[in-house]
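Have a look at the structure below, then the notes.
The values are calculated or read from the model by the stated rules, or taken from the named source; none is laboratory data. Every value quoted in this text rests on a predicted model; they were computed, and no experiment measured them. Positions of Cβ are generated from backbone atoms using ideal geometry, with glycine treated the same way; all protein chains shown enter the neighbour counts. For accessibility, only protein heavy atoms count, side chains too; no ligands or nucleic acids. Shrake-Rupley method; radii C 1.70, N 1.55, O 1.52, S 1.80 Å.
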Amino acid sequence: MNRSATATQFPRVETSIQITPLSTGFGADIEGFDFERLDQHDVAQVRQAWLDHGVVRFRGYDFTDEQHVRFTAMLGDFVKHPRQLKGEEGAHGKYEEILVISNAEVDGKVAGTMGNDEADWHTDTWFYEQPPAAALLHAIQLPPEGGDTFFADMYGIYDQLPASIRRILEGRLIQFTTVFDGSGRVRAGHTAPDTDDVRLWAHVRHPMVRTHGDSGRNCLYLGLPSASTWIVGLPLDESASLLDELFGYVRQPQYQFKQVWQDGDMVMWDNRCTMHRRDGWDARHTRIMHRTTTLGERPFYRC
Ligand SMILES: O=C(O)CCC(=O)C(=O)O
Ligand SMILES: [Fe+2]
């Protein structure tokens with residue numbers, strides 16, 4: 001195709017996007033993005049900022065679920081959490097691409113997943129062979145206080161690990177059970193194991209040092225802190241104490257960004273190189289969040 005023809009058909013509109021890194025060392029604010037227009041060049045810039053900063057935040061926008069879904073579709077294929085499937089507690093009435101994270105009650109029943117409890121550090125959907133790459137969480141309704149969400153920079157943590165720990169982790173797999181969910185419930189389609197030996201439970205395994213499919217950088221990949229998580233090949237007690245030590249880094253504020261939500265905020269994180277947790281809040285107040293996720297590559301390690 002002739003270039004000038006392309007230029008006439010698709011006139012390039014100058015972008016007004018501004019990317020401002022947060023003071024925390026990772027994360028950035030995105031201003032000037034147009035959720036209605038969803039210009040391809042702007043989306044590409046946002047995507048690059050998300051890769052560069054790990055977490056990006058949109059503050060002060062007003063956009064619809066439909067725009068949220070359209071924007072996500074430009075970033076990759078959707079991946080659905082089991083709880084957002086039709087008839088499940090986190091299903092959205094209209095958009096099957098959205099997971100509703102909420103403690104709202106409708107007709108005496110909670111319409112959403114996760115309730116109002118605190119959630120400990122995790123990466124999303126660690127029990128899939130291909131966990132999500134991007135997660136986009138939009139604040140629909142917020143409690144007066146509480147429900148803050150924290151993000152940890154897993155590149156930064158990996159980069160400063162002592163060489164002795166790196167040597168143990170590089171090329172090694174971490175095993176997560178696929179039987180139980182994060183709150184200890186048996187997942188649909190699974191039966192509770194008949195042994196206490198977590199190593200024998202149905203599982204998925206991922207490299208603990210993970211090469212990011214887009215940036216090519218290595219980072220630490222931990223899934224979730226659970227008694228059933230096992231560093232493959234280590235005696236169980238050594239695995240548990242090394243996991244404790246590694247989560248000790250994740251819990252250090254120097255690697256974190258704290259998101260104190262404002263109405264309408266959307267935070268988009270890279271689920272491959274960050275972890276997150278959230279605070280609980282007073283159950284008398286309703287908090288409603290809408291989340292979409294895109295499919296990530298199967299985790300791999302390249303030294
Ligand atoms: O409710 C939140 O702030 C975060 C919940 C969560 O873990 C998620 O959306 O993946
Ligand atoms: Fe999460």
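For the chain, set up a Gaussian network in which alpha carbons nearer than 10 Å are linked by springs, and say which option among Ala163, Ala283, Ala44 fluctuates the most.
Among Ala163, Ala283, Ala44, the largest mean-square fluctuation in the Gaussian network model of the chain belongs to Ala163.
Using Cα pairs closer than 8 Å and at least 6 residues apart in sequence, work out the relative contact order for the range 17-295, in percent.
On the way: 566 pairs, mean separation 92.5, N = 279.
RCO, the range 17-295: 33 percent.
What is the sum of charges, Lys and Arg at +1 and Asp and Glu at -1, for the other residues whose Cβ falls under 15 Å from the Cβ of Lys109? Walk me through the numbers before you get to the answer.
Values: positive: Arg83; negative: Glu88, Glu89, Glu105, Asp107.
Local charge sum for Lys109: -3.
Residues with beta-carbon under 15 Å from that of Leu22, excluding Leu22: net charge, scoring Lys, Arg +1 and Asp, Glu -1? Intermediate results must be reported in sequence, preceding the final value.
Working: positive: Arg57, Arg59, Lys258; negative: Asp29, Glu31, Asp52, Asp148, Asp153, Asp265, Asp270.
Within the 15 Å Cβ shell, the charges total -4.
What FRET efficiency do you get for Arg37 and Ser215 if R0 is 25 Å and r is their Cβ-Cβ distance, rounded to the nearest 0.05?
Values: r = 28 Å, r/R0 = 1.10.
Computed FRET efficiency for Arg37 and Ser215 comes out at 0.35.
Using a 1.4 Å probe and ignoring any ligands, DNA or RNA, find the accessible area of Glu105 and quote it in Å² to the nearest 10.
Here the accessible area works out near 130 Å².
Sorted by average packing, counted as other Cβ atoms within 10 angstrom per residue and highest first, what order do 208-220, 139-151, 186-198 take?
Values: 208-220: 18.8, 139-151: 16.8, 186-198: 10.9.
Top to bottom by mean Cβ count within 10 Å: 208-220, 139-151, 186-198.
Run the accessible area of the chain with a 1.4 Å probe and give the carbon-and-sulfur part as a rounded percent. Show your work: numbers first, answer last.
On the way: 7070 of 14450 Å².
Carbon plus sulfur share of accessible area: 49 percent.
Report the full-extension gain for the segment Ala240 to Arg302: residue separation times 0.36 nm, less the Cα-Cα distance, to one decimal in nm. Walk me through the numbers on the way to the answer.
Numbers: separation 62, 0.36 × 62 = 22.32 nm, distance 2.52 nm.
Extending this stretch completely gives an extra 19.8 nm.
Let me check I've understood the local charge: for Ala192, count other residues with C-beta under 15 angstrom from its C-beta, Lys and Arg +1, Asp and Glu -1. What total comes out?
Values: positive: Arg185, Arg187; negative: Asp181, Asp194, Asp196, Asp197.
Once all neighbours under 15 Å are counted, the net charge is -2.
By what distance, in whole Å, do the Cα atoms of the chain stretch along each of the three principal axes, largest value first?
64, 52, 38
Which of the listed residues, Ser241, Val204, Thr178, is farthest toward the dipole's positive end in the chain, when Lys, Arg count +1 and Asp, Glu count -1 at the beta-carbon?
Going by the charge dipole, the pick is Val204.
What number of lysine-lysine pairs in the chain show an alpha-carbon separation below 23 angstrom, given a sequence spacing of 8 or more or placement on distinct chains? Walk me through the numbers before you get to the answer.
Values: Lys80/Lys94; Lys80/Lys109; Lys86/Lys94; Lys86/Lys109; Lys94/Lys109.
Counting lysine pairs in the chain gives 5.
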